[in-house]
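Just so you know, all these numbers are worked out from the coordinates, no wet-lab data involved. Note that this is a predicted model, so its numbers are computed, not measured. Here Cβ is always computed from backbone atoms with ideal geometry, including for glycine, and neighbour counts include all displayed protein chains.
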Amino acid sequence: MIQNLFPTSIYYSQLKKSLPPSFNKELLKECLKFAEIDTAGQKWCLENYLGGYTSYGSLSELHRISSTFSDLEKEFNKHVIKFAKHLEMDMEYKKLYLSSCWINIMPPGVTHSMHIHPLSVISGTYYVQTPSDCSSLKFEDPRLTCFMNSPPRKADASISNQRFHHLRPEAGHIVLFESWTRHEVPPNRAKKERVSISFNYDW
């Protein structure tokens, strides 16, 4: 008998089937407007997010200041509850809540190196604009530092046996993962900006 123990679950779904096509267009306009007026964020990005824009260091609670992002929070909640149930989290005495929410704009060539989201429970990203050939979201096997003399896996190995997994995002979709999951965004090779909204849920 072979059992697969300690799996790393990644949740990926369309945010809401009934969203009108104009929703992401209006959301994109708002994201670009924030990038234009957020001088503190622009300054932060010069030191921490070269070539791109993120409101992570300046406006990281957009669901508290924008009705558009507040509406997004309501949709995020539905998916996070579903994912938490899949993970069989014991949430009898506490409740997950959206603690931070920020914009990411990645022009061609911009990258976001491997990282985790410390102290949060579930993290995720909603994709606003994903041009053809834009960067994937790359996940790393959390056991990687323990493999020592383990042979590499075959190129056509099943997803569950791969050391890394590349998720190709689509606009209008949401991805969720436990916040300890290491991930990165490789250099954006598309000719247009890759735009997303990332967030954390705490308890």
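Taking K and R as +1 and D and E as -1, what net charge do the other residues with C-beta under 12 Å from the C-beta of residue 13 add up to?
Cβ neighbours under 12 Å give a net charge of +2.
Rg and Dmax of the stretch 105-203, Cα atoms, in Å?
Using the Cα atoms of the stretch 105-203, the pair Rg, Dmax is 14.5, 41 Å.
Please list, ordered by chain and number, the residues whose modelled amide H lies under 5 Å from the amide H of residue 194; skip anything fewer than 5 residues away on the same chain.
Under 5 Å from the amide H of residue 194 lie the amide H atoms of 106, each far enough along the sequence or on another chain.
Looking at this model, which pairs from 25/94; 29/154; 17/94; 17/43; 17/154 are more than 32 angstrom apart at the alpha-carbon? All intermediate terms of the calculation are to be shown ahead of the outcome.
Numbers: 25/94 36 Å; 29/154 43 Å; 17/94 30 Å; 17/43 37 Å; 17/154 37 Å.
Correct reply: 25/94; 29/154; 17/43; 17/154.
In the stretch 86-182, what chymotrypsin sites (Phe, Trp or Tyr not before Pro) fall in a loop by DSSP, with at most 15 other Cβ atoms inside 10 Å?
Hits after loop and neighbour filter: 93, 147, 180.
Excluding residue 165 itself, calculate the net charge of residues whose Cβ lies under 13 Å from the Cβ of residue 165, where each Lys or Arg counts +1 and each Asp or Glu counts -1.
Local net charge: +2.
At most 11 other Cβ atoms within 10 Å and a DSSP loop assignment: could you name the trypsin sites (Lys or Arg not before Pro) in the stretch 108-199 that fit? Show your work: numbers first, answer last.
Details: sites: 138, 143, 153, 154, 163, 182, 189, 191, 192, 194; in loops: 143, 153, 154, 163, 182, 189, 191, 192.
The qualifying sites are 143, 154, 191.
At 0.36 nm per residue, minus the direct Cα-Cα distance, what do residue 88 and residue 4 gain on full extension? Give it in nm, one decimal, please.
On the way: separation 84, 0.36 × 84 = 30.24 nm, distance 1.66 nm.
Net length gain for the segment: 28.6 nm.
Over all distinct Cα pairs, what is the inverse of the mean 1/r for the chain, reported as the Kirkwood hydrodynamic radius in Å?
Kirkwood radius, the chain: 18.0 Å.
About the Cα centre of the chain, what is the dipole size in debye to 20, counting +1 per Lys and Arg Cβ and -1 per Asp and Glu Cβ, all else neutral?
Dipole about the Cα centre, nearest 20: 440 debye.
Can you find, among 57, 6, 76, the residue farthest towards the positive end of the dipole of the stretch 1-143? Put +1 on the C-beta of Lys and Arg, -1 on that of Asp and Glu.
76
Do you know the relative contact order of the chain, to the nearest whole percent, from alpha carbon pairs under 8 angstrom that are 6+ apart?
32 percent
Under 5 Å between amide H atoms, partner at least 5 residues away or on a different chain: which partners does residue 99 have, H built in plane at 1.01 Å?
The list, which skips near neighbours in sequence, is 200, 201, 202.
Residue-wise, which Karplus ³J(HN,Hα) couplings in Hz belong to the stretch 115-123, taking 6.51 cos²θ - 1.76 cosθ + 1.60, θ = phi - 60°, and x for glycine or proline?
7, 10, 10, x, 6, 9, 9, 10, 10
Taking the chain as a Gaussian network, Cα atoms linked when under 10 Å apart, which of 115, 86, 166 shows the biggest mean-square fluctuation?
In the Gaussian network model the winner is 86.
Can you pick out the pairs among 85/191; 33/95; 74/192 whose Cα atoms lie more than 31 Å from each other?
Beyond 31 Å: 85/191; 33/95.
Grab the beta carbon distance between residue 184 and residue 161, set R0 = 30 Å, and tell me the FRET efficiency rounded to 0.05. Mind showing how you got there, number by number?
Values: r = 20 Å, r/R0 = 0.68.
Between residue 184 and residue 161 the formula returns 0.90.
Among bridges DSSP assigns within the chain, what percent are antiparallel (round to 5)?
On the way: 36 of 37 bridges.
Rounded to the nearest five, the antiparallel share is 95 percent.
Would you kindly derive the ³J(HN,Hα) couplings of the stretch 145-156 from the backbone phi angles with the Karplus curve 6.51 cos²θ - 1.76 cosθ + 1.60 (θ = phi - 60°), listing them in order in whole Hz, with x for Gly and Pro?
Values, residue by residue: 6, 9, 6, 6, 9, 6, x, x, 8, 4, 4, 9 Hz.
Just to confirm the filter: which GluC sites (Glu not before Pro) across the stretch 73-145 are DSSP coil and have at most 14 other Cβ within 10 angstrom of their Cβ?
Those that pass, being in a loop and sparsely packed, are 88, 92.
How big is the dipole moment of the stretch 99-174 about its Cα centre under a simple scheme where the beta carbon of each Lys and Arg is +1, that of each Asp and Glu is -1, and everything else is neutral? Debye, nearest 20, please.
Once rounded to the nearest 20, the dipole reads 220 debye.
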